[in-house]
Amino acid sequence: SENTININNETDDSETGELKLIIDEESWIEVYNANDKRLFHKLAQPGSVINITGLIPISVLIGHAEGVQVIFNGENIDTKPYTRVDVARLKLGEE
């Protein structure tokens with residue numbers, strides 16, 4: 001659908017992870033790959049789904065953590081432990 005955003009600019013599959021963000025409420029999202037390359041950086045709208053393949057570890061900032069579901073490599077991630085004042089900061093795919 002038009003609300004699905006797919007981002008994949010990596011070449012080495014062995015070092016990548018699959019991040020899926022399901023946006024239930026408007027939220028500012030920033031995603032960086034292991035090399036600090038910016039993969040996503042914008043206000044995401046409700047009803048959108050963002051699929052990102054990136055070099056791990058992938059760093060994620062979610063400005064309104066309660067409004068976003070995070071799935072990494074098919075696994076639901078609980079953002080609460082990473083959330084301060086509704087801003088979640090996660091690093092996914094670390095050894």
Worksheet item: In percent, what relative contact order does the chain have, based on Cα pairs under 8 Å that are 6 or more apart in sequence?
Response: 32 percent
Worksheet item: Per residue, how many Å² of accessible area does the chain show with a 1.4 Å probe?
Response: 60 Å²
Worksheet entry | HN-Hα J in Hz across region 45-60 - Karplus 6.51, -1.76, 1.60, θ = phi - 60°, x for Gly and Pro | 9, x, x, 8, 10, 10, 10, 10, 9, x, 4, 8, x, 9, 9, 10
Discussion item. For the chain, what are Rg and Dmax over the alpha carbons, in angstrom?
Written reply: 12.2, 36
Worksheet, complete the sentence: So, over other residues within a Cβ distance under 13 Å of P81, counting Lys, Arg +1 and Asp, Glu -1, the net charge is +3
Practice prompt. Report, by chain and number, residues whose modeled amide H sits under 5 Å from the one on I7, excluding near sequence neighbours (fewer than 5 apart, same chain).
Written response: N51, I52, T53
Response to the item:
For D24, the residues 5 or more places away or on another chain with a placed amide H closer than 5 Å to its own amide H are G47, V68, Q69
Discussion item. Please report the carbon-and-sulfur percent of the accessible area for the chain; probe 1.4 Å, protein heavy atoms only, DNA, RNA and ligands left out.
Written reply: 44 percent
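The values are calculated or read from the model by the stated rules, or taken from the named source; none is laboratory data. What you see is a predicted model; the values in this text were computed from it and never measured. Don't worry about glycine lacking a Cβ; one is built from the backbone with ideal geometry, like all the others, and counts go over all protein chains shown. Each accessible area value is taken on the protein alone, full model and side chains, heavy atoms only, with ligands, DNA and RNA left out. Shrake-Rupley method; radii C 1.70, N 1.55, O 1.52, S 1.80 Å.
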